[in-house]
Amino acid sequence: MDRARASDGAFERGDEARFTGEVWLRSMLAADDATNIGVVHFSPTARTRWHRHPGGQFLYGVSGRGRVRSRGEAGHVLEPGDVIHVGPDEWHFHGGTPDSPLVHLAVNGGGAPEWGEPVADGDYDEGFD
């Protein structure tokens with residue numbers, strides 16, 4: 001059994017190769033197949049770049065409100081207690097809403113994600129009410 005204590009971890013600032021805006025993240029545990037879990041804090045309008053995970057991704061809303069959208073589809077708002085599953089190799093982004101930060105847990109299926117281009121403001125706004 002492995003355990004990750006909150007007091008043992010440190011948050012790192014998200015880099016521009018993966019994020020737009022102020023983002024803080026902390027990796028927690030990884031399994032032998034590279035499935036891992038992390039906590040991510042997004043400021044309002046901060047977001048990931050377009051990306052995909054070979055093993056898919058689960059997002060669990062902890063606090064605030066967030067946006068999650070797969071390329072070519074309608075967006076979803078992520079709120080505390082909500083869970084969104086993004087399928088394997090599905091291009092998507094997630095982050096804070098224009099007026100709220102977001103904290104979520106990300107459970108990433110095995111394999112390294114592929115990072116694409118930044119999410120343009122028009123794509124960030126598209127598909128959300």
Accessible-area composition of segment 48-129, carbon plus sulfur, in percent [1.4 Å probe]: 51 percent
Full-extension gain between D121 and R71, please, as 0.36 nm times their residue separation minus the C-alpha to C-alpha distance. 16.6 nm
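Do any trypsin sites (Lys or Arg not before Pro) in segment 56-129 lie in a DSSP loop with no more than 13 other beta carbon atoms within 10 Å, and if so, which?
R71
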For the chain, what is the accessible area per residue in Å² when the probe is 1.4 Å? 54 Å²
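The values are calculated or read from the model by the stated rules, or taken from the named source; none is laboratory data. None of these values were measured; they are calculated from a predicted model. Ideal geometry is used to build each Cβ from the backbone, glycine not excepted, and the neighbour counts take in all protein chains shown. Each accessible area value is taken on the protein alone, full model and side chains, heavy atoms only, with ligands, DNA and RNA left out. Shrake-Rupley method; radii C 1.70, N 1.55, O 1.52, S 1.80 Å.
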